[in-house]
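The values are calculated or read from the model by the stated rules, or taken from the named source; none is laboratory data. Quick caveat: nothing in here was measured; it's all calculated off a predicted structure. Methodologically, a virtual Cβ is constructed for each residue, glycine included, from the backbone with ideal geometry; neighbour enumeration extends over all protein chains shown. Quick note on the areas: whole protein, heavy atoms, side chains included, nothing else; ligands and nucleic acids left out. Shrake-Rupley method; radii C 1.70, N 1.55, O 1.52, S 1.80 Å.
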Amino acid sequence: MEREPVKKLFFSLALCAPTATVFGNTWAGAATDAVVNEKGDKSIGRPGYFSFYLGGRAAMPLVSDPTSYAAAESFANTHILRTQEIIYKGTGPGFENTSSSFLTMPTIRAEWEIPFERIRFLPKSPSLSALFSLEGAMSLRSQVLDAAGNFRYQNAQAQHVALTDVTYSGSLSVRERHQYIAPMVGLGTELGNPQGWRFIGSLSLGVALQNGQRDYELNLAPQQISAGAFTDTYTITASATESYAMAFLLAGRAELGVRMRLTAKLHMALVASCAVHYGVINYSGTGIFAERAGAAADKNIYQKVVSTTSDEVYLGLAPGVFLALSHEL
């Protein structure tokens with residue numbers, strides 16, 4: 001009869017214990033946020049996510065030395081109009097600056113989000129996560145400058161006086177496009193009800209490996225010239241491309257948004273984003289300037305190959321908006 005009170009005492013202490021050990025694993029007590037699975041033998045923390053982002057950016061230069069328009073104007077004057085040359089020295093209508101203040105860039109991104117508690121060497125946190133992402137973007141083709149009207153070319157060494165000064169009508173246009181891929185690592189946070197709306201934010205750093213080019217195209221109408229043996233159809237043709245590949249730009253990104261649960265494992269988020277890129281871009285230019293004759297412009301009278309190099313310092317912002325779908329891992 002004396003053992004009955006002792007049994008009741010041990011039973012009461014067991015009910016008040018903050019933790020319990022089952023199959024060699026310790027369950028989290030009331031002081032932690034962790035839960036256990038249906039078997040009671042494995043601790044489960046916050047879920048990780050694999051996310052796919054689809055949206056767009058507006059790339060806006062803060063500093064561009066020289067600007068796209070200034071660089072295009074200088075190249076066109078030197079290698080298309082040839083304003084400082086003796087042979088085929090050209091003048092033309094004034095250039096119109098048609099460059100936009102920003103480049104529209106459709107953008108996609110894949111991102112892996114891992115809660116801190118799943119990475120052993122990081123401090124435990126109820127809201128912080130490590131982010132690993134790869135973003136890719138490509139700008140729409142954008143016009144930088146345009147000129148239309150009469151283009152006059154003078155050649156002091158022409159074989160006939162009628163060919164020393166010829167005026168053609170036509171146009172000169174310069175267009176550009178850029179694309180990049182940006183691997184980045186960062187820090188993310190998520191606050192709110194796991195079953196409802198949550199606020200998310202992140203800061204990431206990395207690099208943007210960027211390609212780009214500017215295309216120069218001179219289109220002039222052929223001119224019929226009658227000068228003895230030199231009676232023929234003549235025209236000036238010129239095209240060139242300035243390009244760069246895998247320019248190394250430092251990149252940073254900040255984002256804020258809201259996330260909601262769609263199904264047991266699928267989530268959707270609307271995110272406002274702003275990226276910054278900085279670096280030196282090394283352009284290489286190649287092209288051909290030529291005078292041709294014949295109805296099909298198949299007689300080569302003069303030709304010069306264009307080859308140039310130049311550097312541009314770039315610092316720019318790229319705000320954007322994304323719709324993201326995330327799957328719990």
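Looking only at the range 169-195, which residues are over 23 Å from residue 276 (Cα atoms), open to solvent by less than 20 Å² (accessible area, probe 1.4 Å) and not aliphatic (A, V, I, L, M)?
If the condition is that a residue be over 23 Å from residue 276 (Cα atoms), open to solvent by less than 20 Å² (accessible area, probe 1.4 Å) and not aliphatic (A, V, I, L, M), then 173 is the only one that fits.
Out of 105, 138, I need the residue that is open to solvent by 40 Å² or more (accessible area, probe 1.4 Å) and either at pLDDT 90 or above or over 19 Å from residue 277 (Cα atoms) (or both). Which one?
Working: 105 fails: open to solvent by 40 Å² or more (accessible area, probe 1.4 Å).
None of the others qualify; the one that does is 138.
Hey, which of the strands (runs of 3 or more DSSP E) in the range 83-141, taking only ones fully inside, have at least 1 residues that are within 23 Å of the chain's Cα centre (by Cα)?
By residue number, 103-115, 128-138.
Which is surrounded by 14 or more Cβ atoms within 10 Å (Cβ to Cβ), at pLDDT 95 or above and over 30 Å from residue 71 (Cβ atoms), of 270, 266, 317?
Step by step, each of 270, 266, 317 is checked, and only 270 is surrounded by 14 or more Cβ atoms within 10 Å (Cβ to Cβ), at pLDDT 95 or above and over 30 Å from residue 71 (Cβ atoms).
May I ask you to verify whether residue 78 is among the β-branched types (Val, Ile, Thr), buried (at least 21 other Cβ atoms within 10 Å of the Cβ) and either at pLDDT below 95 or not in a loop (DSSP other than H, G, I, E, B) (or both)? Quick ask: steps written out before the conclusion?
Details: among the β-branched types (Val, Ile, Thr): yes; buried (at least 21 other Cβ atoms within 10 Å of the Cβ): no; either at pLDDT below 95 or not in a loop (DSSP other than H, G, I, E, B) (or both): yes.
In short, no.
Which members of the range 240-260 meet the condition of being open to solvent by 60 Å² or more (accessible area, probe 1.4 Å) and more than 29 Å from residue 310 (Cα to Cα)?
Hit for the range 240-260 is 256, nothing else.
Check residue 163 against each of (1) over 31 Å from the mean Cα position of the chain (by Cα); (2) under 30 Å from residue 281 (Cα atoms) and name the one condition it does not meet.
Result: residue 163 passes all but (2).
Among (1) at pLDDT below 95; (2) surrounded by 21 or more Cβ atoms within 10 Å (Cβ to Cβ); (3) on the phi > 0 side of the Ramachandran plot, where does residue 46 come up short?
Against the list (1) at pLDDT below 95; (2) surrounded by 21 or more Cβ atoms within 10 Å (Cβ to Cβ); (3) on the phi > 0 side of the Ramachandran plot, residue 46 comes up short only on (3).
What about residue 117, is it out of contact with any Lys or Arg (no Cβ under 7 Å at 6 or more places or on another chain), open to solvent by 40 Å² or more (accessible area, probe 1.4 Å) and not small (Gly, Ala, Ser)?
Details: out of contact with any Lys or Arg (no Cβ under 7 Å at 6 or more places or on another chain): no; open to solvent by 40 Å² or more (accessible area, probe 1.4 Å): yes; not small (Gly, Ala, Ser): yes.
No: the conditions fail for residue 117.
What is the residue count in the range 277-303 for residues that are open to solvent by less than 40 Å² (accessible area, probe 1.4 Å) and under 18 Å from residue 157 (Cβ atoms)? Steps first, answer last, please.
Going residue by residue through the range 277-303, those that are open to solvent by less than 40 Å² (accessible area, probe 1.4 Å) are 277, 279, 281, 283, 285, 287, 289-291, 293-294, 297.
Remaining after also requiring under 18 Å from residue 157 (Cβ atoms): 289-291, 293.
Within the range 277-303, residues that are open to solvent by less than 40 Å² (accessible area, probe 1.4 Å) and under 18 Å from residue 157 (Cβ atoms) number 4.
If I filter the range 197-210 for residues that are in contact with a His (Cβ under 8 Å, 6 or more places away or on another chain) and either open to solvent by 70 Å² or more (accessible area, probe 1.4 Å) or not in a strand (DSSP E or B) (or both), do I get at least one hit?
no
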